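K.L.:
What follows is a structure written as structure tokens; I'll ask about it next.
The values are calculated or read from the model by the stated rules, or taken from the named source; none is laboratory data. Keep in mind that this is a model prediction, so the values were computed, not measured. Heads up, the Cβs are rebuilt from the backbone with ideal geometry, glycines too, and the neighbour counts pull from every protein chain shown. Just the protein is used for accessible areas: all its heavy atoms, side chains included, with ligands, DNA and RNA removed. Shrake-Rupley method; radii C 1.70, N 1.55, O 1.52, S 1.80 Å.
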Amino acid sequence: MKVYDLAIVGSGMGGSMLASLNKEKHIIVFEKDSNLGGCASTFKRFGNYYNSGATTLVGYEKNHPLKEIFDRANVNLDLEKSEIAIRVVQNGKTIDRVKDFEEFLVNIEKVYPNKNNRVFWQKIKELDEKFWSLKKLYYSKYSLKAYLKTFLSVCELLKVYKFDLFKSAKSFIKESLGEISKEYQDFIDAQLLITLQTTSKDISLLSLALGLAYPFHDVFYVKGGMGTIFDELLNKSDVHKKEEVLEVIQEEDIFTIVTKKDKYKAKKVVLNSTIYDSNKLFKDEKIKSYYQQFSFNDQSAFLLNLTVKTSFAFLSHYQIILKENIPFSISNSFFVSTSLKEDDKMSKNGISITISTHTKANLWFNLEKEEYKKRKKVVETFIIDKFLEYFDKIDKEEILISFSGTSKTFNRYINRANCGGKAITLKNIFKVPSCKTPIKGLYNVGDTIFAGQGWPGVALGVKILEEELNG
Ligand SMILES: Cc1cc2nc3c(=O)[nH]c(=O)nc-3n(C[C@H](O)[C@H](O)[C@H](O)COP(=O)(O)OP(=O)(O)OC[C@H]3O[C@@H](n4cnc5c(N)ncnc54)[C@H](O)[C@@H]3O)c2cc1C
């Protein structure tokens, strides 16, 4: 039997970026679903295309790991820059998150005047810029070299950030902005939910900065759907779609990978499954218990996909913040992404819209079928009503198609009930999973592993894993 150099379980951002950097090796990629890309895939339903989760490409700029990876992999993309990264709508007011700092400051001052807005947002921008220009950024465990490189990285962090590294988000907000209104706090927290899956309550100042600063970067719309990136990343790889890996067995220096269809052998295995689900792939008690130490993160997403036949000129991204919480969710906001009119594939029969909000996986499991369907309908109706309330130029009849997905849907298609990793806080920083495991030849990649979720976070994790594998 052929022995592959590397087997990658999953074609999410992590698995696909890693595969693209290792094209010259004998690698094999297994994907359970018929679409590539996991939470960032594009799928077809009722003759139309929809994004399954991720809709924004950030980090495709100089000095960013993502750009470096895409350039090395020769990825050819059709991108459109979103001049307004997000239009935030709250209590009938609009705050456009734009890249230009002075313009953004004018926008925020109009809605939330505060004599220290400049100080606060300048610091957020500065801390984020410093992070992406760090030279030794590294986090890994389980070998002397990994610990040493991590130590050097921490030393660099200390040198660059000094006392700011130990500040909490909460105290920084208070010391810079003072007591702020619930609405201003909601504005900050709603954006953190998108990027970090948590609020400012118990995160560090650095996480706050990384979470709030993304609209200060170039933000892109991907023509043809986010999924086209994965076709590009994997175009020269041996990809086995619709082939779920059921078991991984370690035998001395070789792994046997048992799928629904066949058995394969590889010298190294990289798991793009979540850190919470990977234990299911092993019978070996030592490996199982390594994965079981990571307690399940209950955060997940509720997805609503629409096709809307309208002449209304949408921006690419909106965040609608409400006064009340969305039913069966943990949020009072939802994120709306729309396809560009001129995107022939995504907008063929109308504008393709992806709406998402934050929920808990446990709200959707172990329910009677009727109760599950009822909950789904309640959330769907609530969001559509609020959507139509804001976009009042759109008639209900113009929504040609609508359907939704819960944690259960994510689990059915891509084997994950949770969405997003645990935000790195001051309390958990040393418990964060690393790409390297204590098991020789076995690695992790993806948004539940350092450095976290979204294109920039996963790309950074891929860069570190690439160094671990080949450095
Ligand atoms: C609603 C939502 C909106 C988001 N919006 C954005 C955004 O706009 N921009 C952004 O940058 N990020 C966004 N994110 C975050 C981003 O999508 C994720 O962080 C990222 O896609 C996760 O990538 P990953 O590498 O962890 O892989 P995943 O997406 O988890 O993919 C893992 C893949 O592995 C496969 N797999 C798992 N187990 C097996 C197995 N046993 N055998 C074979 N295959 C297997 C799965 O089918 C899946 O395809 C969003 C996330 C969500 C949920």
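K.L.:
Based on this model, can you work out whether residue 331 counts as in a loop (DSSP other than H, G, I, E, B), in contact (Cβ under 8 Å) with a residue 12 or more places away in the chain, surrounded by 18 or more Cβ atoms within 10 Å (Cβ to Cβ) and within 12 Å of the ligand (Cβ to nearest atom)?
P.N.:
yes
K.L.:
Please give the number of the condition residue 94 fails out of (1) open to solvent by 50 Å² or more (accessible area, probe 1.4 Å); (2) touching a residue at least 24 places away in the same chain (Cβ under 8 Å).
P.N.:
Condition not satisfied by residue 94: (2).
K.L.:
Still on this structure, please answer the following. Name the one entry in 326, 320 that is surrounded by fewer than 22 Cβ atoms within 10 Å (Cβ to Cβ), within 16 Å of the ligand (Cβ to nearest atom) and either not acidic (Asp, Glu) or not in a strand (DSSP E or B) (or both).
P.N.:
Going through 326, 320 in turn, the sole match is 326.
K.L.:
Also: If I ask for residues that are touching an Asp or Glu at 6+ places or on another chain (Cβ under 6 Å) and not aliphatic (A, V, I, L, M), which ones from segment 251-267 would you list?
P.N.:
259, 260, 261, 267
K.L.:
Could you list, in sequence order, the residues of segment 447-457 that are within 6 Å of the ligand (Cβ to nearest atom) and within 13 Å of residue 418 (Cα to Cα)?
P.N.:
447, 453
K.L.:
Any residue that is assigned to a loop (DSSP other than H, G, I, E, B) and buried (at least 22 other Cβ atoms within 10 Å of the Cβ) - is there at least one of those in segment 304-315?
P.N.:
No, segment 304-315 has no match at all.
K.L.:
Here is a further query. Does segment 193-216 hold any residues that are touching a Lys or Arg at 6+ places or on another chain (Cβ under 7 Å) and within 13 Å of the ligand (Cβ to nearest atom), and which are they?
P.N.:
Within segment 193-216, 215 is the sole residue that qualifies.
K.L.:
Can you give me the ranges of the strands (runs of 3 or more DSSP E) entirely in segment 50-155 with at least 1 residues that are more than 16 Å from the ligand (Cβ to nearest atom) and modelled with pLDDT of 95 or more?
P.N.:
Qualifying strands (runs of 3 or more DSSP E): 84-90, 93-98.
K.L.:
Kindly indicate whether any position in segment 39-49 is modelled with pLDDT of 95 or more, open to solvent by 10 Å² or more (accessible area, probe 1.4 Å) and assigned to a loop (DSSP other than H, G, I, E, B).
P.N.:
yes
K.L.:
Of the numbered conditions (1) surrounded by fewer than 18 Cβ atoms within 10 Å (Cβ to Cβ); (2) more than 29 Å from residue 329 (Cα to Cα); (3) touching a residue at least 40 places away in the same chain (Cβ under 8 Å); (4) not charged (D, E, K, R), residue 460 satisfies every one except a single condition; which is it?
P.N.:
(1)
K.L.:
If you don't mind, another one. When you go through (1) in contact with a Phe, Trp or Tyr (Cβ under 9 Å, 6 or more places away or on another chain); (2) exposed (fewer than 14 other Cβ atoms within 10 Å of the Cβ) one by one for residue 72, which number turns out not to apply?
P.N.:
(1)
K.L.:
Can you name every residue in segment 356-397 that is within 24 Å of residue 92 (Cα to Cα), in a helix (DSSP H, G or I) and among the basic types (Lys, Arg)?
P.N.:
386, 396
K.L.:
Tally the residues that are within 16 Å of the ligand (Cβ to nearest atom) and within 30 Å of residue 143 (Cα to Cα), restricting the search to segment 416-436.
P.N.:
Residues flagged as within 16 Å of the ligand (Cβ to nearest atom) and within 30 Å of residue 143 (Cα to Cα) within segment 416-436 amount to 12.
Matching residues to (1) without any contact (Cβ under 8 Å) to a residue 12 or more places away in the chain; (2) surrounded by 16 or more Cβ atoms within 10 Å (Cβ to Cβ); (3) aliphatic (A, V, I, L, M); (4) touching a His at 6+ places or on another chain (Cβ under 7 Å):
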position: 193; (1), (2), (3), (4): no, yes, yes, yes
position: 198; (1), (2), (3), (4): no, yes, no, no
position: 206; (1), (2), (3), (4): no, yes, yes, no
position: 223; (1), (2), (3), (4): no, yes, no, no
position: 253; (1), (2), (3), (4): no, no, no, no
position: 270; (1), (2), (3), (4): no, yes, yes, no
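K.L.:
For segment 336-360, give me each residue that is open to solvent by less than 20 Å² (accessible area, probe 1.4 Å) and under 16 Å from the mean Cα position of the chain (by Cα).
P.N.:
336, 337, 354, 355, 357, 359
K.L.:
Moving on. Can you name the condition, by its number, that residue 166 falls short on among (1) open to solvent by 30 Å² or more (accessible area, probe 1.4 Å); (2) over 25 Å from residue 458 (Cβ atoms); (3) touching a helix residue (DSSP H, G or I) at 6+ places or on another chain (Cβ under 8 Å)?
P.N.:
The failed condition is (3).
K.L.:
Only one of (1) open to solvent by 10 Å² or more (accessible area, probe 1.4 Å); (2) under 18 Å from residue 54 (Cα atoms) fails for residue 235. Which number is that?
P.N.:
The number of the failed condition is (2).
K.L.:
With the requirement that a residue be surrounded by fewer than 22 Cβ atoms within 10 Å (Cβ to Cβ) and in contact with a Leu (Cβ under 9 Å, 6 or more places away or on another chain), what does segment 258-268 give you?
P.N.:
258, 259, 260, 267, 268
K.L.:
If you check every pair at least six apart or on different chains, which have Cβ atoms under 8 Å apart with a residue in segment 159-175 that is charged (D, E, K, R) first and a residue that is assigned to a helix (DSSP H, G or I) second?
P.N.:
Listed by first residue and then by second, the contacts come to 164/127; 164/205; 164/206; 167/205; 170/200; 170/201; 170/202.
K.L.:
Take the conditions at pLDDT 95 or above, of a type in the set (Phe, Trp, Tyr) and within 14 Å of the ligand (Cβ to nearest atom) and apply them to residue 443. Does it pass?
P.N.:
Against the criterion (at pLDDT 95 or above, of a type in the set (Phe, Trp, Tyr) and within 14 Å of the ligand (Cβ to nearest atom)), residue 443 qualifies.
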